[in-house]
Amino acid sequence: MNGILIAIVVLFGTGLALGLLLAYFSKVFHVEEDPRIDQIEEVLPGANCGACGMAGCRDYAKACVGEGEPPACPVGGAAVSSAVAKILGTVAQDVEAMVALVKCAGTEKRATARGPLEGVNRCAEAFLLGGNKDCRHGCMGYGDCVRVCPADAITIYQGNVAIVDADKCIGCGLCVQACPSHVISMVPKSRTVHVLCNSKDIAALTRTSCTVGCIGCRICARSDAAFVIEDNLASFTGTTAESTVPYVCPNDVIVDTRAFSVRAFVESDRAREDFTAAKTEFKEKERLEKLAAAEAKKAAAAKAAQEKAAAEGSAKEGKDE
Amino acid sequence: MSKAKTFKGGIHPSYNKDLSSKAETRELPLPAEVIIPLSMHIGAPAKCLVKRGDLVKTGQVIGEAGGFISAPVHASISGKVKAVQPVEHPMGKRLEAVIIEGDGKDEWIELAPVENPLGADKETLLNAIKAAGIVGMGGATFPSNVKLSPPANKPIDFVILNGAECEPYLTADHRIMLEKAEYIVKGLEIAARILNVKKLFIGIEVNKPDAIKVMRKALGKKGTVVPLEVKYPQGSEKQLISAITGREVPPKNLPMEVGAVVFNVGTAYAIYDAVYNGKPLLSRIVTVTGRGVKKPGNFQVRIGTSVAEVVEFSGGYNDNARQLILGGPMMGRSVATDGVPIIKGTGGILVLPEKEMVTDSYSACIRCGRCIKACPNRLNPQLLGSMIPMGLYDRIEELGIKESVLDYCFECGSCTYVCPAGRPLVQFFQLAKVYFRTKKSK
Amino acid sequence: MENRTFAVANSPHVHDNSSIQKIMWNVFLALIPATFVSVYAFGFQAARVIAVSTIAAVVFEYIALLFMKRDWRACFDGSAAVTGLLLGLTLPSNISTGIILIGSFVAIIIAKQVFGGLGHNPFNPALTARVFLLIAFPGPLTTWPLPRGLENASKFMGVATTKVADAVTTATPLGAIKQNAVQAMPNININDLVFGLQTPGSIGEISALALLLGGIWLLYKKIITWHIPVAVIASVGFVALITWRIDPKHYADPFFHFFAGGLFIGAFFMATDYVTAPIFSTGKLIYGAGVGLLTIIIRLWGGYPEGISFAILIMNAVTPLLDRWTVPKPFGFQKVRSKS
């Protein structure tokens, strides 16, 4: 009995002493921290994705209260930016929400394959071997981007092309860094028209390697000035364009997300059929319009000629008079 | 015979050289079409001098050197330029190339050999070599004239000819040593004259006793033939220098740093040809081998001939042919199609059947340490190979002493060869190198 | 000409055909002589211990791999079987099946798979399990039945035997020395220790000769290098020699320390475990010397009669440091020019 008592007393005493010590040291060695760090961390998305360049959200919060202004949180967008600004008492940085886009529709059916790559599990490995497609700029579909995506927004569907779900994408940009082919880029979330090709090869090569490759023909640029052609590759720089713009492309590279989702446009045969039908209809309409316009022009010209003749005639007549 | 010299580390793969080592070199008939990439060497690509429709003669310059470390490119047959466009290059990229449609006449330009080569001055010889577009023919394709013009503050003590040919399967160097021994020695003398060096060595692995004998006879008292232990990568330039002279070349440095210059035996022959006959580098010996071809052999092939044509002439593929490798099995490059051309550095065409392909998936490292024993550069492939797949690049930088430790690695593949877990270590290092390169360029 | 297409793969395109399976099954093979001796000496009981621990280890590995959604076929790569066999060989023959199962569980699940599976465990799984059992079940783990032929002896090396349930138990040679060196010393019979047929102890450690055979096989197959075993045995011998020369009455001679207890199984099979031993030659020598010194220190002056399990586990903890300190200079290494 006595022994138990002694044991209890000793243990209790030790515990108490250690507890007091701990309490004492936590006071003495207390690290003064800006309370705003916690507040900022609270409003951050908390994905710890590292897209801002810091190790995690807490590091970003620390950087915010420290010297120098860190870049805006690319994931949180305008809302987080203004919330952080409110805590810090500064003016919010202007951020446009961005999402990732895989600029490739070269599925197995459309892009010419090179010999099978053996023992390759990653895009980076495949890239060292020259890629699995004749096109060296396209998506290889081994999913390096899928592995780094913190939001599970990227999927490789059938056809071995990665597709980003724009609704799930938090815009951290990790996939852009992970992609050895540089086929992923960040685009404004509000953009509705995309060029789904990354081939910087000359037209002759692009034609042999893929049926849906951009050959830099500039037809799109003629219909909309927001298309810029660089390195044999068109890119869209505006926000939105006429819904008929995709139809002008000879290789069906342009997608309008108001009509088809990127996913449907890349992998669904049905969507492609619909698109082709719409395109044919549009072309037909255009042809008829052109025909009509030409006829109208012809008629106008004829009319003008007639009028001219009549005028000349009348002038003659006038002279005669 | 004294004990064969060697370096520390290395591996003993099965050599399979008997397949083609007895086959005498045969000349390939003139190809109907050649694809001549403008970049067949390390350094800046050559600048194209011809355009579509131009008529060219054999030996005509079609691309001039694009910088100090660069080499000119010559038409290897006479005919009409069909196109200048990017083509599938043996290195796995698409690079600009001149495609020439042959006229079957093989009309040569007028050749201008150097008169009295052993009495000619240094400049004349160097210019002849430079104009001939000679690059290292062992595979590294470093322009030879750069090697032959070291800065004045780097005295050169040794000229070494590399006849080790440590890559399994390949026998191109072996054959050229047997068949062209005296010319190789002449080429070596030219190099020695340019560099003003008296100490000449020829390093040959002891598994080629006939070549050692022939070269000894041809070299006479002018230098020493050094028998080397049969070990991969004995033919690596830096390992060869270490074996013969005991000097170690620091990473990212040229052998001239320690006073040595190394040429492949094929390069020495090309130097001879350029100086004595005025011929540019238009053809090379290529070994066609492996159990995926019907009749392995060695062939004198014009640069730019497609691989398909060479294999066809040799006797064709076996039905089980599955993998095509340009170079040897250790460092050669696997290509997807046989439409690629033979370039200056292509020493071999190796065709492997399905069952000889290494395709196993890899598992976790068990730290057996075999890679460390195999590494000729005394690195720790185990540690690097564990860090890189995890993306711990920053810690690799910490390991670096002066530069990244990866600078020591020349991707010989010894570590991967011995790894029981089948880890693709070489590839990890390539990935990390790409990572550091892009990081540096940023 | 129609171009042919080929499969593309990474260089190098040849391999020496080594594999983890081959290495592991070779280790397994190297342990077979010791297994035979133990079954001969202890009969059915030894076979039971070995079978249970080996099979349980493989089964636990299978469960762990399934649970972690990894390729379950990896449980047949031999590493789990070797761990199980090694664990079984370090147990007494009359140990209950339940304890063996717990041991296999600790070895595979706690010491190995929790850390990430093969190649990632910091401590040797078999030894971790053995030490766990030794601490958790000190009684059963230190009760040593007498081998066949000695069943009715009343004394072993001067220590009285005890009758428990169905066996006669006593101390191991090392235990006897520990209890009363002066009394036990004259009874040392090196022949018995070498052949192991008449010695109580862990079932696998009794025959130094059988273990040595296995060790030589491993060396011949280049699965282990000489560094670790030689360093371990040499350092044990060195200390034993000094103490024996100073006071031969209380300290046994080096040969006794070589052949008694688990020195050989430890030096050849456990300390050389790839995953937990240093990777460079210099590191291996330091590590081996450390194992040897700790072993003999525990044997001579520690609380336990045998110390190699603890010694190896302690040195396992030092392995990462040794790997950092003993990096050889790479080819063509130049001294750093100071940055300032």
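Please treat every number below as a calculation from the coordinates, not as lab data. Please read all numbers here as calculations on a predicted model, not as lab measurements. Using ideal geometry, Cβ is built from the backbone for each residue, glycine included, and neighbour counts are taken over all protein chains shown.
Near the amide H of B:Val262, within less than 5 Å, lie the amide hydrogens of B:Ile160, all on another chain or at least 5 residues away, with H placed in the peptide plane.
With viscosity set to 1.306 mPa s at 10 °C, what whole-number translational diffusion coefficient in µm²/s follows for chain B from Stokes-Einstein and a Kirkwood radius over Cα pairs? After rounding, the answer is 71 µm²/s.
The distance separating the Cα centre of the stretch C:189-214 from that of the stretch B:2-16 comes to 41 Å.
Every pair of different Cα atoms in the protein assembly as shown enters the Kirkwood calculation, which places the hydrodynamic radius at 35.1 Å.
Size descriptors for chain C (Cα atoms only): Rg and Dmax, in that order, 22.0, 92 Å. Under the shape rule built on the C-alpha gyration tensor, where the axes satisfy a ≥ b ≥ c, the stretch C:197-240 is oblate, since a/c reaches at least 1.5 while a/b does not exceed b/c. Summarising the amide proton neighbourhood of B:Ser283: residues at separation of 5 or more, or on other chains, whose placed amide H is nearer than 5 Å comprise B:Ile303. Once the Kirkwood radius over Cα pairs is known for the stretch B:164-296, the Stokes-Einstein relation at 25 °C and 0.890 mPa s delivers a diffusion coefficient of 157 µm²/s.
Excluding A:Cys175 itself, calculate the net charge of residues whose Cβ lies under 10 Å from the Cβ of A:Cys175, where each Lys or Arg counts +1 and each Asp or Glu counts -1.
0
Per the Kirkwood formula applied to alpha carbons, the stretch A:1-153 shows a radius of gyration over Rh ratio, Rg over Rh, of 1.29. Over the stretch B:323-366, consider all pairs of different Cα atoms and compute the Kirkwood hydrodynamic radius from their mean reciprocal separation; express it in Å, one decimal. Taking the inverse mean of 1/r over all distinct Cα pairs, the stretch B:323-366 comes out at 12.0 Å. Scalar couplings 3J(HN,Hα) for the stretch A:223-232, obtained by applying the Karplus form with A = 6.51, B = -1.76, C = 1.60 to θ = phi - 60°, are 8, 8, 5, 6, 7, 10, 10, 9, 6, 6 Hz; x denotes Gly and Pro.
Residues with beta-carbon under 14 Å from that of C:Asn180, excluding C:Asn180: net charge, scoring Lys, Arg +1 and Asp, Glu -1? In short, +3. Computed from backbone phi with θ = phi - 60° and the Karplus coefficients 6.51, -1.76 and 1.60, the 3J(HN,Hα) list for the stretch A:116-123 is x, 8, 9, x, 10, 10, 9, 4 Hz; x is used for glycine and proline.
Axis angle, to the nearest 10 degrees, between helix A:269-320 and the longest C-alpha principal axis of chain A: 40 degrees.
Computed over every Cα-Cα pair of the stretch A:177-321 and binned at 5 Å starting from 0, the pair-distance distribution P(r) comes out as 2, 8, 14, 16, 16, 11, 6, 5, 4, 4, 4, 4, 3, 2, 1, 0, 0, 0 percent. Take each residue in A:109-120, count the other chain C-beta atoms within 10 Å of its C-beta, and the mean is 6. One Cα centroid belongs to the stretch B:126-192, the other to the stretch C:34-50; the line between them spans 66 Å.
Residues A:Thr14, A:Thr211 in ascending order of nearby Cβ atoms (within 10 Å, fewest first): A:Thr14, A:Thr211. Over the stretch B:58-216, all Cα pairs binned in 5 Å intervals from 0 give whole-percent P(r) values of 2, 7, 13, 16, 18, 17, 14, 10, 4, 1, listed from short to long.
Binning all Cα-Cα separations of chain A at 10 Å, short to long from zero, yields these whole-percent fractions: 5, 19, 21, 16, 12, 9, 7, 5, 3, 1, 1, 0, 0, 0, 0. For the stretch B:1-119, the alpha-carbon radius of gyration amounts to 1.44 times the rule-of-thumb value 2.2 N^0.38 Å expected for a compact globular protein. Semi-axes of the equivalent ellipsoid of the stretch B:370-441 are 19, 13, 11 Å, computed as sqrt(5λ) over the eigenvalues of the C-alpha gyration tensor in descending order. With N the number of residues in the stretch C:97-213, Rg(Cα) / (2.2 N^0.38 Å) evaluates to 1.24. Of all lysines in the structure, the ones whose alpha carbon falls short of 16 Å from that of A:Lys109, not counting any fewer than 8 places away in one chain, are A:Lys133.
Karplus-derived 3J(HN,Hα) values for the stretch B:99-111, using 6.51 cos²θ - 1.76 cosθ + 1.60 with θ = phi - 60°, are 9, 10, 8, x, 9, x, 8, 6, 6, 8, 6, 6, 8 Hz; glycine and proline are entered as x. Taking a ≥ b ≥ c as the square roots of the eigenvalues of the Cα gyration tensor, the stretch C:152-265 is classed as oblate, since a/c reaches at least 1.5 and a/b does not exceed b/c.
DSSP bridge analysis restricted to the protein assembly as shown gives an antiparallel fraction near 70%, rounded to the nearest 5. Once the Kirkwood radius over Cα pairs is known for the stretch B:314-442, the Stokes-Einstein relation at 25 °C and 0.890 mPa s delivers a diffusion coefficient of 149 µm²/s. Taking amide H atoms as placed 1.01 Å from N in the peptide plane, the amide H of A:Leu117 lies under 5 Å from those of C:Val8, each 5 or more residues away in sequence or on another chain. Of the residues A:Ser190, C:Ser38, the one with the fewest other Cβ atoms within 10 Å heads the list, and the complete ranking is A:Ser190, C:Ser38. Projection of the Cα convex hull of the stretch B:218-361, averaged over all directions and equal to a quarter of that hull's surface, yields 11.7 nm².
The ranking of A:Ser199, A:Ser185 from fewest to most other beta carbons within 10 Å of each one's beta carbon is A:Ser185, A:Ser199. Near A:Ile156, once Lys and Arg are set to +1 and Asp and Glu to -1 for all other residues with Cβ below 13 Å from its Cβ, the sum equals -2.
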